[in-house]
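Peer 1: Supplied in structure tokens, the structure appears directly below.
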Amino acid sequence: MKALIKVEKKMVKFVVAGVQRTGSTLICSSLDSHPNIYCDGEAFKVKNWKKSNYPYVPDYGYLNYVEQSMLRRVLHLCYRKKPVEEYLNDFFQKSAQKAVGFKLMYSHVKRFPTVVPYVKEHDFKIIHLERKNILKVWVSTLGARQRGFHSQEKVGRIKIFVPLHNLRKRLDWLNDQSGKWKDIFSKSNDYIHVDYESFVKDKPAQLGRLCDFLGVETQILESNLKKLTSDDLSQVIENYDEVKKLLIGTPYHYCLDAE
């Protein structure tokens, strides 16, 4: 009689890749509510990381890891590849969930370029998040700056002034960043594309799709994050008529339409 051999299922590693203000925190916190998924919302957050009022910043992060050792601090300044790789090894070893991942913004990659080779070498699954209406991405960014934080459960809505002198340049940049993620990951990893508009339109279906992608059972997943701005930009942008006049006749005219 043949002996039964217990095969331990391999952990699924993943990243949620995108640019800021595209709904990545909403997706990460929703996935993290699954009992078999751990999704770190800000593993490589760097700006104002100690003073931030951001509600989804875990205590465990790369900079927190670096501060625990003088050697790590030195390596962080002189040879960042080693502490980044050691942090990621430690990050995955400490979790027992079936699927474990973190948010990876393009700004993180610019500061920590060795993360991408690590992701490719360790067969990560890639959830590429994109928001088609990039004007709303920029308006959301400006709103976060005005409030001094990114998301809260209860907050009053504010009118947001959009500077015109660099608006086209900002929209071009945002459009370019999303394309770079496709170039980096779409052909070399297990890859799935999610657009924010489809996600908020039917969260259960989109989260079910992501659960299937990560190899975990589909469950009802929730996030305590709340939407801060109206879908109607005419009710959000203080100088909406000026913005509209600037964008009419450009490739970004479609962004003026309500979702």
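Peer 1: Could you calculate the contour length gain from residue 217 to residue 120, that is, 0.36 nm times the residue separation minus the distance between their Cα atoms, to one decimal place in nm?
Peer 2: Here the answer is 32.4 nm.
Peer 1: Something else: Describe numerically, in nm with one decimal, the distance between label points set 7 Å from Cα along Cα→Cβ at residue 71 and at residue 92.
Peer 2: For the pair residue 71/residue 92, the computed spacing is 2.2 nm.
Peer 1: What is the percent carbon and sulfur in the accessible area of the range 84-202, measuring with a 1.4 Å probe over the protein chains and ignoring ligands?
Peer 2: Looking at the range 84-202 in its full context, I get 47 percent from C and S.
Peer 1: Rolling a 1.4 angstrom probe over the protein heavy atoms, how many square angstrom per residue are accessible across the range 72-113?
Peer 2: Per-residue value: 52 Å².
Peer 1: Multiply the residue gap between residue 238 and residue 166 by 0.36 nm, knock off their C-alpha separation, and tell me the result in nm, one decimal place.
Peer 2: Between residue 238 and residue 166, full extension yields an extra 24.3 nm.
Peer 1: Given 0.36 nm per residue, what is the gain on full extension from residue 254 to residue 197 after removing their alpha carbon distance, in nm?
Peer 2: 19.1 nm
The values are calculated or read from the model by the stated rules, or taken from the named source; none is laboratory data. Just so we're clear, the structure is a prediction, and the values are computed from it rather than from any experiment. Reconstructed Cβ throughout: ideal geometry from the backbone, glycine too, with neighbour counts over all protein chains shown. Surface accessibility is based on the protein's heavy atoms, side chains included, excluding ligands, DNA and RNA. Shrake-Rupley method; radii C 1.70, N 1.55, O 1.52, S 1.80 Å.
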